[in-house]
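Comments concern the structure below.
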Amino acid sequence: MIAQILLQLPSAAASVGRVKTSSHIVSRRFNALALGAVAADFAVKYAHTQRAVFLVGLILFVVLTARTLLILGFSKIEGNTFRRRVACAVAFLVCVVASIAGQFYLSEPIRPLTLLPLVGIGLGCLGEASNNMIVRRRCVLAMGCVMAAFGLATEAWGLVFKNLMSDVGATIYSMNKYRDPPLPALAVRYKGRQSAG
């Protein structure tokens, strides 16, 4: 219990640092720290329980930490759309293959809970690969919500805080700041109410 708290606090602190800084590089560094802390938390949980859901969490967050460190180490990846998209696709494929292989290794069936973070990673990778900032923010918002749900289900409170603070909260702030148009379904509903009134 104490080890989990000690591993979740750095994730929470790094999430606050990521939101507070104006430097993109410093923000990525804080994100790498938060992802690494979440991976360590899942490693401890997996070591104690041997459950597939914790193995999937461990695999995903080790891959995401490595991808973030790779982007930090090679700035050409971030500056080039093709390289960024390849990095996203490779990270997503490694996450999917390793997660499914890990579940087969444990002789457990693939459960919806273990697929949930893969959906979140897919949304995050779609956002990161996009050059359209509105699409990017919407994908990050959806990813943050999905990953927060995974964190709640696995009691990974550092992951919940990271996603609600630095993904959902910061994205909603940015959507408001840059005056993103509302989601299409909301826009149609809003226009329908305006014309009726």
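Summary of computed values
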{"item": "In the stretch 1-24, residue surrounded by the most Cβ atoms within 10 Å (Cβ to Cβ) [restricted to those that are in contact with an Asp or Glu (Cβ under 8 Å, 6 or more places away or on another chain) and modelled with pLDDT under 75]", "result": "GLN8"}
{"item": "One residue from VAL140, VAL90, VAL96, VAL119 being among the hydrophobic types (A, V, I, L, M, F, W, C), within 25 Å of LEU55 (Cα to Cα) and buried (at least 19 other Cβ atoms within 10 Å of the Cβ)", "result": "VAL140"}
{"item": "Any pair with Cβ under 7 angstrom, 6 or more apart, that starts in the stretch 1-22 at a residue that is under 19 Å from GLY169 (Cα atoms) and ends at one that is modelled with pLDDT of 75 or more and loosely packed, with under 14 Cβ neighbours inside 10 Å", "result": "none"}
{"item": "Failed condition for ASN163, given (1) closer than 22 Å to VAL94 by Cα; (2) out of contact with any Lys or Arg (no Cβ under 8 Å at 6 or more places or on another chain); (3) in contact (Cβ under 8 Å) with a residue 60 or more places away in the chain", "result": "(3)"}
{"item": "Entirely in the stretch 106-197, the helices (runs of 4 or more DSSP H) that have 2 or more residues that are farther than 24 Å from ALA37 by Cβ, aliphatic (A, V, I, L, M) and modelled with pLDDT under 90", "result": "184-196"}
{"item": "Only one of ARG83, ARG111 that is within 21 Å of GLY144 (Cα to Cα), surrounded by fewer than 19 Cβ atoms within 10 Å (Cβ to Cβ) and over 18 Å from the mean Cα position of the chain (by Cα)", "result": "ARG111"}
{"item": "Options LEU33, LEU55, LEU70: the member that is within 24 Å of GLN103 (Cβ to Cβ) and under 17 Å from the mean Cα position of the chain (by Cα)", "result": "LEU55"}
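Each row is one residue, and each column tells you yes or no for (1) part of a helix (DSSP H, G or I); (2) of a type outside the set (A, V, I, L, M); (3) on the phi > 0 side of the Ramachandran plot; (4) buried (at least 18 other Cβ atoms within 10 Å of the Cβ).
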site: VAL26; (1), (2), (3), (4): yes, no, no, no
site: PHE30; (1), (2), (3), (4): yes, yes, no, yes
site: ALA34; (1), (2), (3), (4): yes, no, no, yes
site: VAL38; (1), (2), (3), (4): yes, no, no, yes
site: PHE42; (1), (2), (3), (4): yes, yes, no, yes
site: ILE59; (1), (2), (3), (4): yes, no, no, yes
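The values are calculated or read from the model by the stated rules, or taken from the named source; none is laboratory data. This one's a predicted model, so the numbers in the text were calculated from it and none came from an experiment. A quick note on method: Cβ atoms are made from the backbone with ideal geometry, for glycine too, and the neighbour counts reach across all protein chains shown.
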